[in-house]
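Contents: one structure, followed by commentary.
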Amino acid sequence: MSTATTTLGLKCRECGTEYKDAPQHVCGNDFAPLEVAYDYDRVKKLMTRDALAKRPFNMWRYGELLPESEPVSGFFTGGTPLVHAKNLGKQLGIARLYLKFDGVCGPSLSFKDRVVAVSIARAKRFGFTTVGCASTGNLANAVAAQAAQAGLKAVILIPKDLEPAKVANTQVYGATLIKIDGHYDDVNRLCAEIANDTKIGIVNVNLRPYYAEGSKSMGFEIAEQLGWRAPDNLVTCMAGGSLINKLSKAFNELDKIGLMLSEVKTKFFGAQAAGCNPITEAIKRGSDLIKPVKAPKTIARSIAIGNPADGYSASRLCLDSGGGGDDVTDPEIVDAMKLLARTEGLFTETAGGVTVGTFLKLVKAGKINKAETTVLCITGQGLKTLDPLLIPGILPDAPIIKPSLSEYRKLAI
Ligand SMILES: Cc1ncc(COP(=O)(O)O)c(C=O)c1O
Ligand SMILES: [Zn+2]
């Protein structure tokens, strides 16, 4: 099996120690995270604009900058639309407002399919026959779907009270689902112990360096869709804080290999729910010191991580790039989901409501320059989190009438 011949094993983010490829995620010297290293000279030769023009529009077109370039699952993952949000933009007086809509990222309808596609390919290469994850919902769906595609067994651990759609969207693929009586951080801790003890490829634990790289594909697509330019402002919701870091890495890598047509100077804005805001709380203090949230409480279950693994680097990125961050309450999340649906015809899950709601707050506070290009990352699909919309009073009661024209006329529509 040939792979991205452009990778050079793993490297410690802090001390730079190099490691051979292995299911390992922390440095033996300092316990800092390991990252995939690339031979950028070689990438530059292979990943030219001409070469890219001949490739299908999905995440695999950027194979030289991913740890794996040959899918064993997620064959059509990525390639999602960058929608020009003309209606919402008009309401706010922002002409260049774009939505990266991963609510249609297949096969399981969130950006998590990107990270899973890469890590499942790597799991197979390492010889794992079972994969697993600690999940707040979307990762569970993606691992379950793609393990089925790759012919692997899946063992998935989630907090016990996730949305029913997230549960069904895991079990339907035949995955073994285990509900943990605790918060996500308890689930994650248990998964770390399982990864030490058994022969399971846990995508966000022992395969994490490979897994995390998959998020870059969203950034590569955004830049290419903007005509090889990075946006001036990018707003995305954060859970563990990995995605926002990888979006930044993606823009910098495209710059490094000479594909960008203008300087990369994106201001990154992180969004969280007020009921679980360890990263934005730090950003608002101007600090990178994360105070974990012990008991997250928000309808944005998919991003309710109280002790974010990449919180430090995410807050540093937002502060150092000249961006920032904020958080929104549950009613603000629901209002933002409805606003996005009504203005742009796009239905996002609660996490996307967090992104849009926070963006509105940032605009109101004058923190987004309205003359600039802004991209909002809408990372998941609304059909998966119907629960907060089904609460009486949130959406109108539809009238029930007899099938008669006179009854219809009485409604005076
Ligand atoms: C829909 C959605 N958006 C965003 C995120 C945040 O990702 P990260 O943990 O990389 O910050 C998640 C994580 O679970 C998610 O499910
Ligand atoms: Zn190290």
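State whether one or more residues within region 125-132 are open to solvent by 30 Å² or more (accessible area, probe 1.4 Å), free of Cβ contacts under 8 Å to residues at least 24 places away in the same chain and not in a helix (DSSP H, G or I).
Looking through region 125-132, at least one residue is open to solvent by 30 Å² or more (accessible area, probe 1.4 Å), free of Cβ contacts under 8 Å to residues at least 24 places away in the same chain and not in a helix (DSSP H, G or I).
Condition first: in contact (Cβ under 8 Å) with a residue 40 or more places away in the chain, more than 16 Å from Gly63 (Cβ to Cβ) and open to solvent by 10 Å² or more (accessible area, probe 1.4 Å). Now tell me which residues in region 216-227 satisfy that. First the steps, then the outcome.
The first filter runs over region 216-227 and keeps only residues in contact (Cβ under 8 Å) with a residue 40 or more places away in the chain, leaving 216-218, 220-222, 224-226.
Subsequent filtering for residues that are more than 16 Å from Gly63 (Cβ to Cβ) retains 222, 225-226.
Correct list: Gln225, Leu226.
Here are some residues: Ile394, Ile368. Which one is assigned by TED's automatic domain parsing to the domain that holds Ile244 and part of a loop (DSSP other than H, G, I, E, B)?
Values: Ile394 fails: assigned by TED's automatic domain parsing to the domain that holds Ile244.
Result: Ile368 is the single residue among Ile394, Ile368 that is assigned by TED's automatic domain parsing to the domain that holds Ile244 and part of a loop (DSSP other than H, G, I, E, B).
Only one of Val235, Val264, Val293 is open to solvent by 30 Å² or more (accessible area, probe 1.4 Å), closer than 26 Å to Val83 by Cα and either in the same structural domain as Gly322 (by TED's automatic domain parsing) or not hydrophobic (A, V, I, L, M, F, W, C) (or both). Can you tell me which?
Details: Val235 fails: open to solvent by 30 Å² or more (accessible area, probe 1.4 Å); Val293 fails: closer than 26 Å to Val83 by Cα.
Going through Val235, Val264, Val293 in turn, just one is open to solvent by 30 Å² or more (accessible area, probe 1.4 Å), closer than 26 Å to Val83 by Cα and either in the same structural domain as Gly322 (by TED's automatic domain parsing) or not hydrophobic (A, V, I, L, M, F, W, C) (or both): Val264.
Looking at Asp310 and the list (1) touching a helix residue (DSSP H, G or I) at 6+ places or on another chain (Cβ under 9 Å); (2) more than 12 Å from ligand 1 (Cβ to nearest atom); (3) among the acidic types (Asp, Glu), which single condition is not satisfied?
(2)
Which count do you get for residues in region 1-16 that are more than 10 Å from ligand 2 (Cβ to nearest atom) and open to solvent by 50 Å² or more (accessible area, probe 1.4 Å)? Working first, answer last.
We begin by selecting, within region 1-16, every residue more than 10 Å from ligand 2 (Cβ to nearest atom); these are 1-10.
Filter again for open to solvent by 50 Å² or more (accessible area, probe 1.4 Å), leaving 1-2, 5, 8.
The qualifying residues number 4.
Scanning for something in contact (Cβ under 8 Å) with a residue 60 or more places away in the chain, over 17 Å from the mean Cα position of the chain (by Cα) and closer than 27 Å to Thr348 by Cβ, does region 266-281 turn up at least one residue?
Looking through region 266-281, none of the residues is in contact (Cβ under 8 Å) with a residue 60 or more places away in the chain, over 17 Å from the mean Cα position of the chain (by Cα) and closer than 27 Å to Thr348 by Cβ.
Condition check: buried (at least 23 other Cβ atoms within 10 Å of the Cβ), in contact with a helix residue (DSSP H, G or I) (Cβ under 6 Å, 6 or more places away or on another chain), among the aliphatic types (A, V, I, L, M) and within 29 Å of Gly132 (Cα to Cα). Does Val72 satisfy that?
Working: buried (at least 23 other Cβ atoms within 10 Å of the Cβ): no; in contact with a helix residue (DSSP H, G or I) (Cβ under 6 Å, 6 or more places away or on another chain): yes; among the aliphatic types (A, V, I, L, M): yes; within 29 Å of Gly132 (Cα to Cα): yes.
In short, no.
Given Leu139, Leu190, which one is crowded, with 23+ Cβ neighbours inside 10 Å and in a helix (DSSP H, G or I)?
Numbers: Leu190 fails: crowded, with 23+ Cβ neighbours inside 10 Å.
Checking each option against the conditions leaves just Leu139.
Tyr173 fails exactly one of the following numbered conditions: (1) among the aromatic types (Phe, Trp, Tyr); (2) assigned to a loop (DSSP other than H, G, I, E, B); (3) touching a Lys or Arg at 6+ places or on another chain (Cβ under 7 Å). What is the number of that condition?
Answer for Tyr173: the failing condition is (3).
Go through region 17-36 and give me each residue that's open to solvent by less than 30 Å² (accessible area, probe 1.4 Å), of a type in the set (Gly, Ala, Ser) and within 13 Å of ligand 2 (Cβ to nearest atom).
Just the residues of region 17-36 that are open to solvent by less than 30 Å² (accessible area, probe 1.4 Å), to begin with: 22, 27, 32, 34, 36.
Going one step further and asking which of them are of a type in the set (Gly, Ala, Ser), we end up with 22, 32.
Correct list: Ala32 only.
Among the listed residues Leu362, Leu390, identify the single one that is out of contact with any Cys (no Cβ under 6 Å at 6 or more places or on another chain) and open to solvent by 70 Å² or more (accessible area, probe 1.4 Å). Reasoning before the result, please.
Working: Leu362 fails: open to solvent by 70 Å² or more (accessible area, probe 1.4 Å).
Exactly one of Leu362, Leu390 is out of contact with any Cys (no Cβ under 6 Å at 6 or more places or on another chain) and open to solvent by 70 Å² or more (accessible area, probe 1.4 Å), namely Leu390.
Would you please name the residue that is farthest from Phe101 (Cα to Cα), looking only at residues in region 231-243 that are more than 10 Å from ligand 1 (Cβ to nearest atom) and assigned to a strand (DSSP E or B)?
Let us first name the residues in region 231-243 that are more than 10 Å from ligand 1 (Cβ to nearest atom), namely 231-235.
Going one step further and asking which of them are assigned to a strand (DSSP E or B), we end up with 233-235.
Details: Asn233: 16, Leu234: 13, Val235: 13 Å.
Ranking the candidates gives Asn233 first.
Does any residue of region 244-257 turn out to be within 11 Å of ligand 1 (Cβ to nearest atom), modelled with pLDDT of 95 or more, over 28 Å from Arg55 (Cα atoms) and in contact with a strand residue (DSSP E or B) (Cβ under 9 Å, 6 or more places away or on another chain)? Spell out how you get there, then give the answer.
Step one: of region 244-257, the residues within 11 Å of ligand 1 (Cβ to nearest atom) are 244-247.
If we keep only those that are modelled with pLDDT of 95 or more too, we end up with 244-247.
From what's left, over 28 Å from Arg55 (Cα atoms): none.
Within region 244-257, not a single residue is within 11 Å of ligand 1 (Cβ to nearest atom), modelled with pLDDT of 95 or more, over 28 Å from Arg55 (Cα atoms) and in contact with a strand residue (DSSP E or B) (Cβ under 9 Å, 6 or more places away or on another chain).
For region 37-57, which residues satisfy the criterion of being away from ligand 2 (no atom under 16 Å from the Cβ) and open to solvent by less than 60 Å² (accessible area, probe 1.4 Å)? Steps first, please.
Going through region 37-57, the residues away from ligand 2 (no atom under 16 Å from the Cβ) turn out to be 38-57.
Tyr38, Asp39, Tyr40, Val43, Met47, Thr48, Ala51, Leu52, listed by residue number.
The values are calculated or read from the model by the stated rules, or taken from the named source; none is laboratory data. Small disclaimer: the values here were computed from a predicted structure and weren't measured. Every residue, glycine as well, gets a Cβ built from its backbone with ideal geometry; the counts of neighbours run over all protein chains shown. Areas reflect the complete protein model, heavy atoms only, side chains present, ligands, DNA and RNA absent. Shrake-Rupley method; radii C 1.70, N 1.55, O 1.52, S 1.80 Å.
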